[in-house]
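The values are calculated or read from the model by the stated rules, or taken from the named source; none is laboratory data. Since the model is a prediction, treat every value here as computed from it, not as a measurement. Don't worry about glycine lacking a Cβ; one is built from the backbone with ideal geometry, like all the others, and counts go over all protein chains shown. Surface areas here come from the heavy atoms of the whole protein model, side chains and all, with no ligands, DNA or RNA. Shrake-Rupley method; radii C 1.70, N 1.55, O 1.52, S 1.80 Å.
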Amino acid sequence: MTIIALGVPSVSRRVGPAPVGGPLVDTYGRVATDLRVSLTDRCNLRCTYCMPAEGLDWMSGEQLLNTDELTRLLRIAVTRLGVTRVRFTGGEPLLAKHLEEVVAATAALRPRPEITLTTNGIGLHRRAAGLKGAGLNRINVSLDTVDAEHFAHITRRDRLADVLAGLAAAHRVGLQPVKVNAVLDPMTGLEDAVSLLRFSLEHDYQLRIIEQMPLDAGHEWSRGKTLGADEVLATLQRHFTLTPDPAPRGSAPAQLWLVDGGPATVGIIASVSHAFCSACDRTRLTADGQVRSCLFSREETDLRALMRSGADDDAVEGAWRAAMWAKPAGHGINDPDFVQPDRPMSAIGG
Ligand code: SAM
Ligand code: SF4
């Protein structure tokens, strides 16, 4: 049983300018229907693979999109560009006071997109019901370990109990399936993966293990220092019977495995070792209004400046289409000339 790599697109590139209408395509024929929106670059944790222990300048209020600008871009994405799924992220999106308002505005769009949230879960126990009421469909809570000491080491904060309370509240209010996102620590990760899967099975959460990518603020990532998906899978197989999920994977980044005959599953997201760029259907918007065609883009398109200069919807749509038309074939992490983006994951939106 192996993890399948989908690689980079094998079709020949289309030339010429971006199409003026229709779906949001790139020159390799991929269609972006999944929009990741970062609401803030701020965070109340300091995960080692994402943020530095101290420092990192926050974006100013003036730099951030205001609620009107953000909801305008969401409307353009859904009604003009064919976006069908919107995921709010950050930084920590629960630190954005307008989260419920933005979720409700997104839920009012037609055709109504699916709305999801990726959060570290701190404070979620107070807001889960309100978010559900505003129209949130599903949630992913990031949790890399259920061991309090390991948690404090990885996140540099002692907040495991808050995350567990957030997870429980999300499940209780029906934000299901509740998914748990885990990036494994190189030292304790194999042990953490086994206990996380036991914990997820017990609580009816769906565990997704994500390979660590070179998006840390310190630019210290190196392949040898991270756990690869094959190693994680082999470890889990020593404790559980894993069989490939027969359901088609489509553009999903996670390869799913039935655990002990199912129906519970565990997903492995092997972004580095078995890239899936040929199936990528994402477009990204940062909290300061920059479109990124890829997590690893070194170029951004400034929709905030365009909007603040008085551009109409046609012009904003055209700029977004041009940004996506230039999407690279793949993230290039495995290429010898790979250069890590300047912004860390917390400022891009994971
Ligand atoms: N703060 C929220 C959270 O942690 O869920 C949302 C933002 S966080 C950047 C989104 C996701 O990116 C989290 O699941 C986190 O584990 C993941 N992430 C952050 N840095 C990463 C990295 N270097 N490699 C892989 N995943 C990363
Ligand atoms: Fe914060 Fe999420 Fe980054 Fe952790 S992964 S530091 S919770 S933004």
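If you average the C-alpha positions of segment 267-336 and of segment 199-262 separately, how far apart do those two centres end up, in angstrom? Taking the Cα centre of segment 199-262 as reference, the centre of segment 267-336 is 25 Å away. Treating r as the C-beta distance of ASP147 and LYS97 and R0 as 30 Å, the FRET efficiency rounds to 0.40. Full extension of the segment from HIS239 to ASP302, taken as 0.36 nm per residue of separation minus the current Cα-Cα distance, would add 17.9 nm. The alpha-carbon of LYS327 sits under 15 angstrom from the alpha-carbons of these aspartates and glutamates, leaving out residues fewer than 8 places away in its chain: ASP26, ASP34, ASP281, GLU299, GLU300. The gain in end-to-end length when the ARG223 to SER309 segment is fully stretched comes to 26.7 nm, 0.36 nm per residue minus the alpha carbon separation.
First obtain the Kirkwood hydrodynamic radius of segment 192-296 from its Cα pairs, then insert it into the Stokes-Einstein equation at 10 °C and 1.306 mPa s, and state the resulting D in µm² per second as a whole number. Calculated translational D: 103 µm²/s. Using a simple spin-label model with pseudo-atoms 7 Å out from Cα toward Cβ, VAL11 and ASP68 lie 4.0 nm apart.
Here the accessible area of segment 34-342 is 51 percent carbon and sulfur, with a 1.4 angstrom probe and all protein chains present. Residues whose amide H lies under 5 Å from that of LEU207, counting only those 5 or more places away or on a different chain, are VAL180, GLY267; hydrogens are built 1.01 Å from N in the peptide plane. The residues of the chain expose, per residue, 42 Å² of accessible area to a 1.4 Å probe.
Shown for the chain: cysteine residues without a partner Cβ closer than 4.7 Å, namely CYS43, CYS277, CYS280, CYS294. Each distinct pair of alpha carbons in segment 229-268 adds a 1/r term; the inverse of their mean, the Kirkwood radius, is 10.3 Å. Based on every Cα atom in the chain, Rg and the maximum pairwise Cα distance Dmax equal 19.4, 59 Å.
The phi-based Karplus calculation (6.51 cos²θ - 1.76 cosθ + 1.60; θ = phi - 60°) puts the 3J(HN,Hα) values of segment 122-138 at 6, x, 5, 4, 8, 10, 4, 5, x, 5, 4, x, 6, x, 5, 8, 9 Hz, whole numbers, x for Gly and Pro. Residue-wise HN-Hα couplings along segment 262-273, as the Karplus relation 6.51 cos²θ - 1.76 cosθ + 1.60 with θ = phi - 60° gives them from phi, are x, x, 5, 10, 10, x, 10, 10, 9, 4, 9, 7 Hz; Gly and Pro carry x.
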